[in-house]
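Notes follow the structure.
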């Protein structure tokens, strides 16, 4: 059996110019990076109203795998099999996890975006540009303090941390500025992973260069000794940071193994950030094809909720259909089966674990749009298991459709594509989860009770103090972006399935005034991951001809 | 008068495909990054023996400016004016200084490499790749310690620091790994600027992918508790780091305003590293044209010496001629004139400061190759001053030739180009400064006495201890790469001109076993610069159409 990277290396790619011209992108709107990658610069004001948007989300992820990205890509390819035009919008992989845990973010088997090596490594340089811009701001802040501190910034209250696109637990909490007067002011600091940078969120939510610049100017960097907020605008470096991101802002165009256009751009994680690709990429896809498939990170409690409550408001369009990806294996694991026993049929565990899927179905239905469940086939699934799962899904009054894109590519998702063509024509009305004028705590309560299935929110004394403060400052109109572990509806990663009657603990808020949301850090969620005891980097190699192995 | 960026923005560029095809680069050897940048992948085994290499170096730099890069570019263009084929090999700019002090590294006036904005920002992503690979190694080292520390690494003796391509004094000395058991091991660390990374030196000295990989495997990362050296090979991540640099290793091709091909690749600073562009770029230029002009960083005491003693040994070819760039203004400043009075004629100060040039001339002559002085014209120079400088140069038995490339482009260096065509045909024999089998201290003494004009070397107790240790380990056969301030022959930046009878203080050695040299840190030289009180970033902007201002 071929590995993902072997399938990718043997793929027959079209020149990206041809992919682009097929969807009406003009030569002057395309900037090639080699023959198979390009950035696009489109006028996105004229997206036809009848073009449809499909959101792919999933149950809570498990070690057993759901294959959400793989399904998204295969589904995109399936539309060609039913003679419909389709484009895909995805996030870019982060190098931190690529070096850490085997597995990138470019799909798998016969449902991949390519060239997978390039996309998984530096691609067109978007993440490096974000890292550089973020840390340049950090250096400018400390330099301002060093040279007289005209803004009266309190070094104990700098909220702008540093970032690297690396899983590096060693940098989570650091003391910087040691070494005496000429080497800065000693203070506490920490590094987040680049995907958690507010600049990443801003890049993904900006409508154009001027919006990017405006959002950057509003970023909160800290407070003065008098507790007054200080922004990038106050520091006078909006222009410099914006120009560092001028190319990163343009969506990247690549293709799937079956030559479906894929706009792969931006990459916030859904556990610690808002978890959706850039709105410019989604709009580029919407402009290019009748159907756009986009994916939101992790489960529907994280990426799904954030797509619907934050991202789609910025796109100016809500999804015409929502697909929830589930697998028999992941549901059995949610039902208590040991990771090593997933190959054995276990109907009881499946039924028990299916409650996780059930809650996600009901959650997504609340938004008033059609919901479809995609059952992503694994070789170990038995016919009985699949039938049981299908009837479970139907008991929630939605369709459960089997897909096998890993082995068959687009041909494996034809039924799913056909179903979506039908549901996308429904004239259902979007129902938002909360009113943006609600108090921050009320918005948070809506997410916890209506999406997670919890009973209440508990604020740490720090969070309570912050909340009071934000109300005074008038930051109440911002949406909430919850940072929470991806495995559980609760803030405890070990509570699988569909637990009830639990409390979500908010330890801290972070106002992201440029991105325009308030992050709520819950439980023990970390904004800088670590590497495992056997990082994937140990198994990677490249031969003298440049051929890579072990990347996947 | 147009600014550099305005001249660049109005330039009429050739498609890089055409530039490449004119110098015999085939389509399958070229990877385009947009229409005006490309990476090349050449077979460099068949460089014609009669192709000539010209090294451009200079007097000690001053705030008054020497314009060495500008002269290098204009000189390259001048060869076209005399119907000779020529290519240029240059270093890439580092973003840290671009954000700090106004002025990039792409030339100026009518002698620029273009597109200057792209080259000065992220270009083709080489620096970000180096930063990522460097810090990935850091994370893997700390992760190894975290997960059982099988190699018995001593956290107090990790020699591999972290890097960012940012001027950030605040990160020079830090304490990392705080926050308890799950967030790493507390230890001292620090960040260097990316150009000082050993990976940057390795990238610039590697002959091919297999050499790159071999050198990476030899990098010293620290010592065990038993004081045994530990390398990247021991850690088992050679392949992963090499694949992160697979594209960065390929030289970049751009053009000058007059369409001369320019290979711009790699960017170590000459004060804290070896200061030369990649040998692959120089060899690509040598293969492409009869004459190659390459530049080494800062004065001939730093970049010049290192090109001759380190880089050219790796190229397998020494320069056929050496150009020393000098300006009337910089020599007057060396002669004691105040920075604000350089516009006034001052023959006495010029004569006094010319001693700096004199020492560089004699230094370069020691290597046994023809030396020419290029007098880079500034509008404030008087005819008398230029004549005085010319006769001073001739008193050293070399020619002093006026060049005016900033205002005239290649037309401003025709005399200089003609002179070089003559001198390059001399069959002079290269005389190395030291024997590589000399002891480390003897090699250092050769540099200090024969190049700097100092009388002796003083080692700190730490450096003395290290030296003893290196002799035992057999690291004696490596060349020395001195880290020293660029302004003075001494290790005190304030002593201009040509001081005598001084001591060079080595505070610390750093063995770079992958790059294959020993760094000697002298005086107070820092491997992480800071930003000035008014960083250039404050004056940068970009409008809604993407037009940049204030970058230069």
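Taken together, the values in this text are just the output of simple stated rules run on the coordinates, not laboratory data. All values reported here derive from a predicted model rather than from experimental measurement. All Cβ positions, even for glycine, are placed from backbone atoms using ideal geometry, and neighbour counts span all protein chains on display.
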Legend entry - Average beta carbon contacts from partner chains per residue of B:178-190, 10 Å cutoff: 4
Inset, instruction - Please work out the Cα center distance from segment B:118-140 to segment A:194-241, rounded to the nearest Å. - result: 24
Legend entry - Within 10 Å of each Cβ in B:241-249, the average number of Cβ atoms from other chains: 5
Inset, instruction - Among DSSP beta bridges lying fully in segment A:440-522, give the percent that are antiparallel, nearest 5. - result: 45
Inset, instruction - Give me the angle, in degrees from 0 to 90, between the Cα long axis of helix B:209-218 and the longest principal axis of the Cα atoms of chain B, rounded to the nearest 10. - result: 50
Legend entry - DSSP-defined beta bridges in segment A:388-539 - what % are antiparallel, rounded to 5: 45
Legend entry - Pairwise label distance in nanometres, residue B:383 with residue B:343, each label 7 Å out on the Cα-Cβ vector: 2.2
Legend entry - Cα gyration tensor shape of segment B:426-508, rounded if a/c is under 1.5, else prolate or oblate by comparing a/b with b/c: oblate
Inset, instruction - State, to one decimal in nm and shortest first, how far the label point of residue B:458 sits from each corresponding label point in the other identical copies (label point: 7 angstrom along Cα-to-Cβ). - result: 6.4
Inset, instruction - For helix B:279-288, report the angle its Cα long axis makes with the longest principal axis of the Cα atoms of chain B; keep it between 0 and 90° and round to the nearest 10°. - result: 40
Legend entry - Distance (nanometres) between label positions extended 7 Å along Cα→Cβ at residue B:63 and residue B:21: 5.1
Inset, instruction - For residue A:45 and residue A:439, compute 0.36 nm times the residue count separating them, minus their Cα-Cα distance, and round to one decimal in nm. - result: 138.5 nm
Legend entry - Principal-axis tilt of helix A:383-395 within chain A, Cα atoms, nearest 10 degrees: 60
Legend entry - Highest to lowest packing among A:455-463, B:388-396, scored as the average C-beta count within 10 Å: B:388-396, A:455-463
Legend entry - Cβ-vector label at 7 Å, residue A:156, separations to other copies in nm: 3.2
Inset, instruction - Select the chain B residue whose beta carbon lies nearest to the rotation axis carrying chain B onto chain A, and write the distance in whole Å. - result: B:128, 2
Legend entry - Alpha carbon centroid spacing (whole Å) that separates segment B:249-287 from segment B:315-346: 23
Inset, instruction - Can you put A:1, A:540 in order of Cβ neighbours within 10 angstrom, beginning with the fewest? - result: A:1, A:540
Legend entry - Full-stretch length increase - residue B:83, residue B:225 - with 0.36 nm per residue and alpha-carbon distance subtracted: 44.8 nm
Legend entry - segment B:179-245 shape via C-alpha gyration tensor axes, a/c threshold 1.5: prolate
Legend entry - Centre separation in Å (Cα based) which lies between segment A:458-491 and segment B:367-424: 67
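Semi-axes of segment A:504-549's equivalent ellipsoid from the Cα gyration tensor, sqrt of 5 times each eigenvalue, largest first, rounded to whole Å? Can you show the working numbers first?
Details: eigenvalues 305, 55, 6 Å².
Those come to 39, 17, 6 Å.
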Legend entry - Using a 7 Å Cα-to-Cβ projection, residue A:2 label spacings across copies, nm, ascending: 5.1
Inset, instruction - Set the Förster distance to 60 Å, then compute FRET efficiency between residue A:366 and residue B:508 from the Cβ-Cβ distance, nearest 0.05. - result: 0.40
Inset, instruction - Let me have the relative contact order for segment A:440-522, percent, based on Cα pairs under 8 Å that are six or more residues apart. - result: 35
Inset, instruction - Shielding by partners for A:539-547, please: the mean number of other protein chain Cβ atoms within 10 Å of each residue's Cβ. - result: 6
Inset, instruction - Find the all-direction average of the projected area of the Cα convex hull for chain A, expressing the result in square nanometres with one decimal place. - result: 24.9
Legend entry - Percent RCO, i.e. relative contact order, over chain A, from Cα pairs under 8 Å lying at least 6 residues apart: 21
Inset, instruction - Could you work out, for segment B:385-454, what percent of all Cα-Cα pairs fall into each 10 Å distance bin, beginning at 0 Å and stopping at the bin that holds the largest distance? - result: 16, 26, 29, 23, 6
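With a/c under 1.5 counting as rounded, go ahead and sort segment B:372-416 into rounded, prolate or oblate using the C-alpha gyration tensor (a ≥ b ≥ c being the square roots of the eigenvalues; past the cut-off, prolate if a/b is larger than b/c, else oblate).
It comes out oblate by the Cα gyration axes.
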Inset, instruction - State, to one decimal in nm, how far the label point of residue B:9 lies from the label point of residue A:6, with both points 7 Å from Cα in the Cβ direction. - result: 5.3
Legend entry - Fraction of antiparallel bridges per DSSP, segment A:126-244 only, in percent to nearest 5: 75
Inset, instruction - Give the dimensionless ratio obtained when the Cα radius of gyration of segment A:126-244 is divided by 2.2 N^0.38 Å. - result: 1.04
Legend entry - If the convex hull is drawn through the Cα atoms of segment B:25-68, its volume per residue in Å³: 150
Legend entry - Volume of the Cα convex hull of the protein assembly as shown, divided per residue and given in Å³: 154
Legend entry - Extension gain, residue A:543 back to residue A:397 (0.36 nm per residue minus Cα-Cα distance, nm): 47.2 nm
